[in-house]
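Report on the structure given below.
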Amino acid sequence: MRTHLAVVPPAEPTVLLAVGGDDAPRLPFVDRPLGDSRSALEFADLLGPELPLVSLGQLGYQRRAPDERADGVVVEFLTACEVFPTPAQDGLARREWLSASDDALALGLPADLAEALGGYLAWLSSETGSRGATEPPPPPHCVPGSTAALSAAMRAAFADGGAAGAAGGLEPLLPGTPGTPQLRQFQAWVLSSVWLGQDAVVKVTNPRWPHEPTATAAIGALGPLLVPQVIAHGTYAPHRNGRVWGGSAAWMVTRRFTEDVERPAAPGEVLLALAELQAAAVGKHAELVEAGVVPRGPLEVAADLGVLWASHQLADLTDSERAELPALGRWLEERLARLAKAAPALLTHGDLHFGNATFTLEGGALPVIFDWTDATFSWPGVDLPTLAGIDEEPGEAELRALRDAYLASIRTVFSERHPALLAGIESTLDEGLALASVYHAVSYAQIAAGAPPRQRAFVDAGQIVLRVVRRMLALRESDSGGA
């Protein structure tokens, strides 16, 4: 894949140009194997030590047609970047720049990427940063100047002594402060930006999840060996021309674990760790909700089905399938209402997969579960499809095996502590698992709806919305009478 870098300075809506062998201006770019497009590890030193780069996330994506792949490039990305810290001796002034008024097509970019670059620069050139009510702006961590604002906010938090004391003197500051430990940016995309240090991880969250730091801290208090410790957290806002630009975002610093690479977590072990946290959360519903864990049971999901029906992914439905959506909506609302009357509310991770659970050298007998972005109170079984791999079509046998492993975990943990609650989980798990994919389809539809249109390709998760709706249409058809 080829990634074009739109390097934008904090104050001016311009992009850095590189001059090729034919003296034609173009954006700097990097070619790498197909993989995780969020990765930012290659960017830092790409332009040399004078211009250390920070990724601000992708702005555009294009897959090349087979007859356009003469150079072997299958997909192309446009990623916004900034230089941080700002180079000494006016290193930026000696470079060539493309202004917002210039023609981005002259850079030889694919038309879609040139249009995305032009739109981004036009937005930065506007007086208010407004893109209209129907088009959300990029989140704050995608705005030039955001890295400096984040660094300042972190310095302020650690300067008061409280956070540093809790961290045992750890000072995980971003690059730019001589003599302090430096972080290396791990990944950046529309949903978050993540930095790694020797002892800490810094995560900047999307404004959609402003309570992720406080929710993570509250869940971590339930199981200190099962959730990363939150060392410090706060908010920051980038500024352009003296005003806040793009809103504010939450950030948090968590202690970094050392992964035990010789001990991969098995499904039963991950589910047992989840069950331990779910049991510890019993009786603490109010305080966890106050910390940011969102109530999202069957009735809340039913109320959000309209976002699912409005998803752009459903444009690929046939006319006959689309005609069945009103009936499908009523059928799902009825099933969710019945589930709401019987299912207990359990702490739910929301994105539980093996990339978010690992054994650590510092941990205990169970894996650590992290990335509690989507933490909610929901019904039993919601976390099983993601553990099976929700980006693909989970097989029935795999889901059944996970169901059995989860039941075994719940029985181990709840049988003595919460026997009445265990009975409710056992009686509703099958129906909860049948409707779990609807929960996730609504989540993905909401995430995509809240992202700028050109960034939605990065959060669509492989047409999950379309696949789930088609599966539900087939289930309704086979479910005689909709019972």
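The values are calculated or read from the model by the stated rules, or taken from the named source; none is laboratory data. In this text, all values refer to a predicted model and were calculated from it rather than measured experimentally. No Cβ is skipped: glycine too gets one built from the backbone with ideal geometry, and neighbour counts run over all protein chains shown.
What is the one condition in (1) within 24 Å of ALA280 (Cβ to Cβ); (2) crowded, with 22+ Cβ neighbours inside 10 Å; (3) touching a Pro at 6+ places or on another chain (Cβ under 9 Å) that PRO228 does not satisfy?
The number of the failed condition is (3).
Which condition does GLY381 not pass, out of (1) out of contact with any helix residue (DSSP H, G or I) (no Cβ under 8 Å at 6 or more places or on another chain); (2) outside any helix (DSSP H, G or I); (3) modelled with pLDDT of 90 or more, if it passes all the others?
That leaves (1) as the condition not met.
Quick check: is even one residue across the stretch 41-55 modelled with pLDDT of 90 or more and in contact with an Asp or Glu (Cβ under 8 Å, 6 or more places away or on another chain)?
Among the residues of the stretch 41-55, at least one is modelled with pLDDT of 90 or more and in contact with an Asp or Glu (Cβ under 8 Å, 6 or more places away or on another chain), which makes the answer yes.
Show the residue pairs that are 6+ apart or on different chains and have beta-carbon atoms under 8 Å apart, the first residue being within the stretch 445-474 and over 23 Å from ALA323 (Cβ atoms), the second being part of a helix (DSSP H, G or I) and among the hydroxyl-bearing types (Ser, Thr, Tyr).
What qualifies is VAL459/TYR444; ASP460/TYR444; ALA461/TYR444.
Could you grab the pairs with beta carbons closer than 7 Å, sequence gap of 6+ or different chains, first residue in the stretch 411-439 and over 16 Å from GLY297 (Cα atoms), second one charged (D, E, K, R)?
Listed by first residue and then by second, the contacts come to VAL413/GLU276; LEU422/ARG411.
Please state which one of ARG243, ARG263 is surrounded by fewer than 17 Cβ atoms within 10 Å (Cβ to Cβ), over 30 Å from THR79 (Cα atoms), among the basic types (Lys, Arg) and at pLDDT below 95.
Selected residue: ARG263, the only one of ARG243, ARG263 that is surrounded by fewer than 17 Cβ atoms within 10 Å (Cβ to Cβ), over 30 Å from THR79 (Cα atoms), among the basic types (Lys, Arg) and at pLDDT below 95.
Could you figure out which of (1) more than 28 Å from ALA451 (Cβ to Cβ); (2) surrounded by 13 or more Cβ atoms within 10 Å (Cβ to Cβ) isn't true of SER415?
Status for SER415: all satisfied but (2).
May I ask you to list the residues in the stretch 380-439 that are under 19 Å from LEU308 (Cβ atoms) and of a type in the set (Val, Ile, Thr)?
VAL382, THR386, ILE390, VAL438
Name the single residue, out of those in the stretch 7-66 being farther than 21 Å from VAL143 by Cα and of a type in the set (A, V, I, L, M), that is surrounded by the most Cβ atoms within 10 Å (Cβ to Cβ).
Here the answer is ALA18.
Which condition breaks for ASP67 when tested against (1) part of a helix (DSSP H, G or I); (2) at positive phi?
Result: ASP67 passes all but (2).
Looking at GLY462 and the list (1) surrounded by 15 or more Cβ atoms within 10 Å (Cβ to Cβ); (2) closer than 29 Å to TRP309 by Cβ, which single condition is not satisfied?
All conditions pass for GLY462, except number (1).
Could you tell me whether the stretch 13-29 includes any residue that is assigned to a strand (DSSP E or B), within 16 Å of GLN187 (Cα to Cα) and among the hydrophobic types (A, V, I, L, M, F, W, C)?
Keep residues of the stretch 13-29 that are assigned to a strand (DSSP E or B), which gives 14-16, 18-19, 25-26, 29.
Subset that is within 16 Å of GLN187 (Cα to Cα): none.
For the stretch 13-29, residues assigned to a strand (DSSP E or B), within 16 Å of GLN187 (Cα to Cα) and among the hydrophobic types (A, V, I, L, M, F, W, C): absent.
When you scan the stretch 385-395, do you find a residue that is in a loop (DSSP other than H, G, I, E, B), crowded, with 21+ Cβ neighbours inside 10 Å and not aliphatic (A, V, I, L, M), even just one? Outline the logic, then answer.
Of all residues in the stretch 385-395, those in a loop (DSSP other than H, G, I, E, B) come to 389-395.
Still in the list and also crowded, with 21+ Cβ neighbours inside 10 Å: 390.
Subset that is not aliphatic (A, V, I, L, M): none.
No, the stretch 385-395 contains no residue that is in a loop (DSSP other than H, G, I, E, B), crowded, with 21+ Cβ neighbours inside 10 Å and not aliphatic (A, V, I, L, M).
Of the numbered conditions (1) of a type outside the set (A, V, I, L, M); (2) touching a Gly at 6+ places or on another chain (Cβ under 7 Å); (3) crowded, with 22+ Cβ neighbours inside 10 Å, ARG256 satisfies every one except a single condition; which is it?
ARG256 satisfies all of (1) of a type outside the set (A, V, I, L, M); (2) touching a Gly at 6+ places or on another chain (Cβ under 7 Å); (3) crowded, with 22+ Cβ neighbours inside 10 Å except (3).
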